[in-house]
Amino acid sequence: MPTYLSARRSDTVYDGITPAVRHFPDATAAVIASIMLAYLLPFRLVFPPLSDLGKPGLMVGFGLLVWWALSRLHPTLVTRGQQPMRWAMAIYLVTLFLSYVAGQGRGMPVLEANGAERTLLMALAGAGILLAAADGVLTRERIDKVLRWFCWGASFMAFVALVQFVTRIDLTTYMKLPPLLTFHKEVVGFRDRGGDGLVRVAGTAGHYIEFSVLMVIGLVVAIHFARFSSTRRDRQIYGALAMFQAAVIPISLSRTGVLALGAAILLFVLVWPLRTTFNVLVVGCFLTALIQVARPGLLAAIKSLLLAGENDPSVQARVEDYDYVTPFIRERPWLGRGVGTFLPELYQLLDNQWLTTLVQGGIIGVAGLAVLFLSGVVVAGRVRRFARTDRDRDLAAVLAVAIGVAGVSGFTFDSMYFTTFFITVHVLLGLTGALWRLTRAERTNRIESGRPVRQPDEAEPVPAAAQA
């Protein structure tokens with residue numbers, strides 16, 4: 001018999017097992033707090049006693065892990081039923097622990113040992129965010145609520161980056177909340193690239209590539225709400241946010257951002273209605289022309305970066321990294337040198353999350369990370385296949401594309417090191433689990449009540465506004 005859960009008496013949620021009433025608040029507010037703290041505050045702000053682990057978004061993640069663990073012990077608070085994202089997270093954590101044990105077995109200097117422990121603790125904070133989102137965001141409306149807040153957080157980061165690009169004033173140096181938080185590490189700052197006075201900016205993110213990828217993810221989520229919000233006003237607002245985030249992607253002067261944007265649009269073209277595809281391409285052409293008029297030379301600089309190939313120093317450095325790490329990989333191919341131990345201070349910055357994972361965690365570590373990303377994509381794909389409404393199917397496609405873009409972008413920078421990216425990925429993976437849980441329970445309830453499950457081709461007609 002399906003479970004009846006409620007965050008309040010008026011909120012109905014199903015997870016597929018037994019009936020119960022929940023009066024305890026769900027995790028939606030805390031998940032929103034985690035992601036908003038990551039986007040609104042500069043990457044460098046930390047709670048001093050905890051150093052790198054003292055970033056506000058991660059601290060919320062630790063609290064969510066405790067909340068989730070305690071809720072599992074309470075018979076009426078626990079969210080029961082199958083949840084594939086729990087298993088994916090568990091497999092990933094096991095691979096990290098095995099790599100940690102292998103590193104301890106070979107013996108590590110103090111810096112490496114500290115890096116290993118820091119990475120494990122950060123992974124636990126991420127697990128708290130993912131599990132709380134998967135099991136603690138209790139209704140379909142609250143999934144949307146988290147993602148709407150994410151859109152506004154990404155738009156704020158885009159605004160900070162635009163101010164940096166236009167005025168050469170770094171607003172992040174003024175975003176300090178003493179005495180609770182202090183600046184840790186150096187300012188990201190501006191970096192000349194492409195000539196003609198162009199500089200790279202990162203907003204509140206920790207790196208220019210991270211910023212560009214986050215803008216692509218924010219863009220695809222905003223497009224979803226621009227199509228499926230319930231009111232015309234909301235559709236117009238999120239359409240404007242989508243255009244704003246798309247317009248700032250080039251100012252990062254990052255090949256990764258442009259390629260991620262192209263890949264995302266190409267994937268969506270396969271699932272969007274023809275009218276939506278046409279409208280997006282028209283808006284894209286308009287933004288391209290606007291950027292060319294507002295900042296001549298910007299698009300030419302990006303074009304030269306894309307066509308530079310191996311002549312570009314950053315590309316050459318990444319190619320040379322493979323020769324550098326080959327002896328380390330051959331020495332310890334299965335479990336690596338130990339998670340979090342390949343530090344730039346001691347070795348070399350690889351700018352490749354998958355290569356770093358291969359060195360630190362070996363083949364098993366890469367498999368664990370791949371399971372985490374692929375599980376999100378596959379689960380979202382399953383939701384899209386069996387969802388009853390176009391809104392749910394589109395959101396599932398958005399989550400699959402966003403997680404896929406995040407995973408592939410790891411080949412161009414050490415992505416899981418950067419807190420905002422790290423938190424965003426775990427929120428998306430967790431919400432994928434929540435959407436899977438809710439749509440699965442809905443199908444189960446319809447079958448048990450004797451009503452037929454509506455297949456995708458039998459879904460209700462899409463409103464004209466959603467097609468646009």
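The values are calculated or read from the model by the stated rules, or taken from the named source; none is laboratory data. In this text the structure is predicted, and so the values were computed from the model without any measurement. Positions of Cβ are generated from backbone atoms using ideal geometry, with glycine treated the same way; all protein chains shown enter the neighbour counts. Heads up: the accessible areas ignore ligands, DNA and RNA and are worked out on the full protein's heavy atoms, side chains in. Shrake-Rupley method; radii C 1.70, N 1.55, O 1.52, S 1.80 Å.
The table below lists the values:
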read-out: Qualifying residue in region 281-300 (condition: within 26 Å of the chain's Cα centre (by Cα), open to solvent by less than 40 Å² (accessible area, probe 1.4 Å) and farther than 22 Å from Gly365 by Cα); value: yes
read-out: From the options Ala202, Ala240, Ala246, residue that is crowded, with 24+ Cβ neighbours inside 10 Å and modelled with pLDDT of 95 or more; value: Ala246
read-out: Residue in region 135-157 that is of a type in the set (Gly, Ala, Ser), open to solvent by less than 60 Å² (accessible area, probe 1.4 Å), in a helix (DSSP H, G or I) and at pLDDT below 95 present; value: yes
read-out: Sole residue being part of a helix (DSSP H, G or I), closer than 20 Å to Arg295 by Cα and either among the acidic types (Asp, Glu) or open to solvent by less than 40 Å² (accessible area, probe 1.4 Å) (or both), chosen from Val166, Val160; value: Val160
read-out: Residue in region 349-356 that is within 20 Å of Met122 (Cα to Cα), in a helix (DSSP H, G or I) and more than 17 Å from the chain's Cα centre (by Cα) present; value: yes
read-out: Which numbered condition Ala226 fails, given (1) among the small types (Gly, Ala, Ser); (2) in contact with an Asp or Glu (Cβ under 8 Å, 6 or more places away or on another chain); (3) buried (at least 24 other Cβ atoms within 10 Å of the Cβ); value: (2)
read-out: Subset of region 20-54 [at pLDDT below 90, among the hydrophobic types (A, V, I, L, M, F, W, C), farther than 14 Å from Trp68 by Cβ and touching a helix residue (DSSP H, G or I) at 6+ places or on another chain (Cβ under 9 Å)]; value: Leu50
read-out: Which numbered condition Leu181 fails, given (1) under 21 Å from the mean Cα position of the chain (by Cα); (2) surrounded by 16 or more Cβ atoms within 10 Å (Cβ to Cβ); value: (1)
read-out: Residue satisfying condition, being hydrophobic (A, V, I, L, M, F, W, C), touching a Phe, Trp or Tyr at 6+ places or on another chain (Cβ under 6 Å) and crowded, with 19+ Cβ neighbours inside 10 Å, within set Val379, Val401; value: Val379
read-out: Every residue from region 78-99 that is open to solvent by less than 50 Å² (accessible area, probe 1.4 Å) and in a helix (DSSP H, G or I); value: Pro84, Met85, Arg86, Ala88, Met89, Ala90, Tyr92, Leu93, Thr95, Leu96, Ser99
read-out: Unique match (being touching a residue at least 40 places away in the same chain (Cβ under 8 Å), of a type in the set (D, E, K, R) and either open to solvent by 50 Å² or more (accessible area, probe 1.4 Å) or closer than 23 Å to His207 by Cα (or both)) among Arg330, Arg275, Arg337; value: Arg275
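Yes/no per residue for (1) within 19 Å of Leu428 (Cα to Cα); (2) of a type outside the set (A, V, I, L, M, F, W, C):
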| position | (1), (2) |
| --- | --- |
| Leu124 | yes, no |
| Phe159 | no, no |
| Lys176 | no, yes |
| Asp192 | no, yes |
| Tyr208 | no, yes |
| Phe211 | yes, no |
| Ser230 | no, yes |
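Here's the yes/no breakdown for (1) under 30 Å from Thr204 (Cα atoms); (2) in a loop (DSSP other than H, G, I, E, B); (3) open to solvent by 60 Å² or more (accessible area, probe 1.4 Å); (4) not β-branched (Val, Ile, Thr):
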{"position": "Val60", "(1), (2), (3), (4)": "yes, no, no, no"}
{"position": "Leu64", "(1), (2), (3), (4)": "yes, no, no, yes"}
{"position": "Ala102", "(1), (2), (3), (4)": "no, no, no, yes"}
{"position": "Gly105", "(1), (2), (3), (4)": "no, no, yes, yes"}
